[in-house]
Ligand code: DQQ
């Protein structure tokens, strides 16, 4: 094999190291003197209560379904009008001003579309109060402690730690001043925030340390390629690497003294050249990367070969191009196995492999992917089906999900997908709450061997460590036009797994409606058909004044074909006026003999929904004002006119994840579960108490 070590650098110490500690840290609490036995008695009480919580929390229970008789058989009219009172109050209030962030700097608009001048400038501001705003912060999704976050950057697994870098504004809850935040985890769920990895301190990235990707070289060397926005807002590619490869936390990063390593090639717009991918190894001993750009309205992926990550040779032509798709941001390019359930290293190729190409479309801010074949010799990729090419076919997610990036997790031989989940409330509200954006729960990505035409995305298995008490609901009957409450208590942090069985006789005898259905334009969950909509009402209050239906809609076509759509309807998710309210979703493949299945993760203002094992997914941001804290409930609903169904559900309350600033002590307890808390804290303390009292 050729020498693949990057020609790293004469005097690393002379290079700038970007490193700014996060604010915070605890000040010493004031200690009141209390008699030692009082303290111990108090602690003993706490220990007993904690023990009970741990024991109860881990005990599976069967849930009771109680039916709402007064509502069960009445057709449910989900099209109730929004609360007039609130709208009037809000109208009198402040109006939102149109703002634009990003476009001028040469990246996509970062504010919610509500506030772009064509959509919602002048929308009245809802009178949010602190308790509503605080409730929106999530409990088990990755978020910085405060401020703005966007794209995932350079995820990797290294010496026992998962590393996550992200686009971050240390100065506020809106896009701007972009640097690289950094956090580490043992399990992709519990996170420790580290100091910033890279700040904007060089002429070539002074306007932003933008998105990039990591490549792990032989001998555990890591190179990071990222886009710098220069002092003249030109997009250039830059090289960085860890100051100390022996440091598993990779806290210090060195920017290469010869940066930038790539500038926009002739014919490419200076603001249209960004987001280098992870490199893959070629059979002639070089590393290959692709970078997104556009020519007029055609989205393209430029290709470069390098031996040392310092000098690059541009290949003729492009890896792929699709007319009409506009600028391609954050391209991802990786292999998936046609035959195995394991993920593949980015450099793998062969007969058993398909290649996924993903582009984040600057024009509509959605992540589109396509499956296809990659020819290493020509440096070209062709889609399996031109009709569903990149940017004109299928998406990773039909809700809020953008600028995503995968990495190969050599620890568990899987490919893991991270996606940036933006806000769909107002920028005013973001500023008030002091933060904006989440990262979705990382998902494993596999080729769907059954359909052969899509990927399967599924929350990483580690999320299941947060599952607490479980309720089972077996074959709950839901008649046409009814709502059934599910007694799960507070419904703000849940993992829900459901299987639906439709009344097959009704499906078979239903008329062939040949309806042209679209989640976006067919009237949401209020639109009634013979075989749908039906599903769950998430984050609903008892009176259903707020509710987010996540549902299937089945259409009978000619010759008895059955098409299934999977949608999420935000239109009644909040009585607030200044949040995005739309219906999202798409077609979901359902094979003969399969039941309809659904998994939903609810975590305060985010709902992540996965249909048919992850063939179609929808991430929804919702901002209820009533269905919050103890008032948040969960219901089954069936707004179909003809079919009834039975639903079998397993529903877990979810614990919060441990996400906080790094300290050596926090690192040693980076993996908290009720059981580890019990073993690490409660047992030793119990032993101490016992010894004390038996003296
Ligand atoms: N975000 C980064 C860019 C990228 C965009 C800037 C996508 O590198 O194209 O924050 O959201």
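Nothing in this text is a laboratory measurement; each read-out follows from the coordinates by a stated rule. These numbers come from a predicted model, not from an experiment. Here the Cβ positions follow ideal geometry from the backbone for every residue, glycine too, while neighbour counts run over all protein chains shown.
Some points to look at:
- D by Stokes-Einstein for segment 467-654, Kirkwood Rh over Cα pairs, 25 °C, 0.890 mPa s: 150 µm²/s.
- Once the chain from residue 270 to residue 392 is taken as fully extended at 0.36 nm per residue, the excess over their C-alpha distance is 41.4 nm.
- The packing ranking of peptides 441-450, 270-279, highest mean first, is 270-279, 441-450, where packing means the average number of other beta carbon atoms within 10 angstrom of each residue.
- Label-reachable residues, segment 618-660, where backbone N falls under 17 Å from a point 7 Å from residue 474's Cα toward its Cβ: 646-651
- Least to most buried among 103, 198 (fewest other Cβ within 10 Å first): 103, 198
- Order of 471, 110, 432, 377 under a 10 Å beta carbon neighbour criterion, fewest first: 377, 432, 471, 110
- Separation of segment 254-316 and segment 537-575, taken as the distance between their Cα centroids, equals 43 angstrom.
- Cα convex hull of segment 229-282 - mean projected area over all directions, nm²: 5.6 nm²
- Share of Cα-Cα pairs in segment 341-485 lying beyond 22 Å, as whole percent: 55 percent
- Per residue, the convex hull spanned by the Cα atoms of segment 119-257 measures out at 137 cubic angstrom.
- A protection proxy built from the mean count of other Cβ atoms within 10 Å ranks the segments 421-428, 380-387, 504-511, most packed first, as 421-428, 380-387, 504-511.
- Sorted by Cβ neighbour density within 10 Å, fewest at the top, the residues 637, 658: 658, 637
- Length added when fully stretched, residue 263-residue 594, from 0.36 nm per residue minus Cα-Cα: 114.1 nm
- Stokes-Einstein diffusion for segment 359-443, with the hydrodynamic radius set to the Kirkwood value over Cα pairs and evaluated at 37 °C in a medium of 0.692 mPa s, equals 218 µm²/s.
- Set the Cα radius of gyration of segment 557-671 against 2.2 N^0.38 Å, with N its number of residues, and you get 1.38.
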